[in-house]
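Everything below concerns the one structure shown next.
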Amino acid sequence: MARSLLIFGITGELGSRVAQLAVARGHKVYGVSRGSNTRDRADLAGVEMFTGDKLDRDFLEKTLSKLPVDAILDTIPSINGINNIHEFFPQVKNVFLVSSTGTFVPLQTLPADETHPWREENHVNFHGKIANDKLALELFAKDKFPVTIFRPTNIIGDGRVPLDLFGARDIEFFRALRDSKPLTLPDCREILLQSGCNWDLAKAMTLALDAGDKIAGEIIVISTAQAIRLQDYLATAMEFLQSSSEITWVDADEFYKAHPEHTGLPFLRQHMCFNIDKARKLLGYTPEFTGKEGLLKALEWCKESGLL
Ligand SMILES: NC(=O)c1ccc[n+]([C@@H]2O[C@H](COP(=O)([O-])OP(=O)(O)OC[C@H]3O[C@@H](n4cnc5c(N)ncnc54)[C@H](OP(=O)(O)O)[C@@H]3O)[C@@H](O)[C@H]2O)c1
């Protein structure tokens, strides 16, 4: 059945891909962004575009709430944004919010799934996402707010510099590998990384349009099928870049003490390893790409776009 979907974050990595896939499947798509994002995006042909701030209540009331939408995707949710959707779009049958598996860490079981604890804040999990998700689920419990929370893992694929071994997305890391420069790295070789390819993640969210109200109130992890070790991730990048960099591994605690500027490192050191059976069962989702393939797609894109 054709749906009518409003996407907040339409020019983003996920929003634009969901839009392209949803239009191709015959759904009507409206898109909102402030018009400032210049990042690489998917083709938005067929999308009815609106420029404005999703937190501007006047814009929501006078323009967006009049649209005949029956589903909303917010790729960059916030407390105010969730409350606004709840207030201004009482008619919608589905509200999809993008959260993160960063809510679950540190993982107590491998692989983890949606039953893993996530509500308590700790030194490394994503407090903002936790607050959003709690609010959305409270509104579901209180008011049947038809929310489904997607929790992607680290996003990879064309259009964005992939994660580096310091926990950032710094192209200089991959340039150093390309130039076969020696590198001193925090020893995270055995850490598990489970990336989600951007097109696969978008496919999962597009499939959700066919799932109706059976996914309301659910948290769904979306990702590739399997985690890989960071040493294999690095080896894949080095092979692609024909790198002969000499790597010196340093105890990760010592490294971080000496380099606190690598603020993404504590998170990188958390295992990411998830079972995606719930997405398979509820959405009919099957990821097309592995983590290594997603990394290769990202590096190919870096080359094509002149970054590498
Ligand atoms: N990166 C990862 O590895 C990762 C992993 C797990 C989960 N996530 C989650 O995935 C989501 C990121 O999605 P993405 O990659 O598609 O983001 P993105 O590429 O950064 O795009 C964000 C989009 O939102 C729009 N936007 C931002 N603020 C807005 C506002 N106030 N009003 C209207 N539009 C606004 C931006 O356009 P304008 O700036 O032009 O408005 C842009 O279209 C986030 O929720 C993130 O936490 C990311």
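The values are calculated or read from the model by the stated rules, or taken from the named source; none is laboratory data. All values derive from a computational prediction rather than experimental measurement. Backbone-built Cβ (ideal geometry, glycine too); neighbour counts: all protein chains shown.
Checking Val105, Val95, Val47, Val69 one by one, the residue that is over 30 Å from His271 (Cβ atoms) and under 17 Å from the mean Cα position of the chain (by Cα) is Val95 and no other. Can you name the residue in the stretch 215-255 that is in contact with an Asp or Glu (Cβ under 8 Å, 6 or more places away or on another chain) and among the aliphatic types (A, V, I, L, M) and is also farthest from Phe289 (Cα to Cα) among such residues? For the stretch 215-255, the residue satisfying everything is Val250. Every condition in (1) within 12 Å of the ligand (Cβ to nearest atom); (2) within 16 Å of Phe96 (Cα to Cα); (3) assigned to a helix (DSSP H, G or I) holds for Leu60 except the one numbered (2).
Determine whether Lys62 is in contact with a strand residue (DSSP E or B) (Cβ under 7 Å, 6 or more places away or on another chain) and modelled with pLDDT of 95 or more. Outline the logic, then answer.
Details: in contact with a strand residue (DSSP E or B) (Cβ under 7 Å, 6 or more places away or on another chain): no; modelled with pLDDT of 95 or more: yes.
Judged against the criteria, Lys62 is not a match.
Against the definition (surrounded by fewer than 14 Cβ atoms within 10 Å (Cβ to Cβ), farther than 15 Å from Phe267 by Cβ and touching an Asp or Glu at 6+ places or on another chain (Cβ under 9 Å)), how does Glu190 come out, yes or no? Answer is no for this residue. A search for C-beta distances below 8 Å between a residue of the stretch 36-56 that is near the ligand (Cβ under 8 Å from one of its atoms) and any residue that is outside any loop (DSSP other than H, G, I, E, B) and among the acidic types (Asp, Glu), counting only pairs 6+ apart in sequence or on different chains, returns Arg39/Glu13; Arg41/Glu13; Lys54/Asp74.
Just for helices (runs of 4 or more DSSP H) wholly inside the stretch 222-308: which have at least 3 residues that are out of contact with any Phe, Trp or Tyr (no Cβ under 8 Å at 6 or more places or on another chain) and farther than 19 Å from Arg169 by Cα? If you could, list the steps in order and put the result at the bottom.
Working: elements: 230-240, 252-258, 265-268, 277-283, 291-304.
Here the list reads 252-258, 277-283.
Might you check whether a residue that is of a type in the set (A, V, I, L, M) and touching a strand residue (DSSP E or B) at 6+ places or on another chain (Cβ under 9 Å) occurs anywhere in the stretch 166-175? For the stretch 166-175, residues of a type in the set (A, V, I, L, M) and touching a strand residue (DSSP E or B) at 6+ places or on another chain (Cβ under 9 Å): absent. The residues of the stretch 169-186 that are closer than 16 Å to Trp249 by Cβ and under 27 Å from the mean Cα position of the chain (by Cα), listed by number, are Phe173, Ala176, Leu177, Leu185, Pro186.
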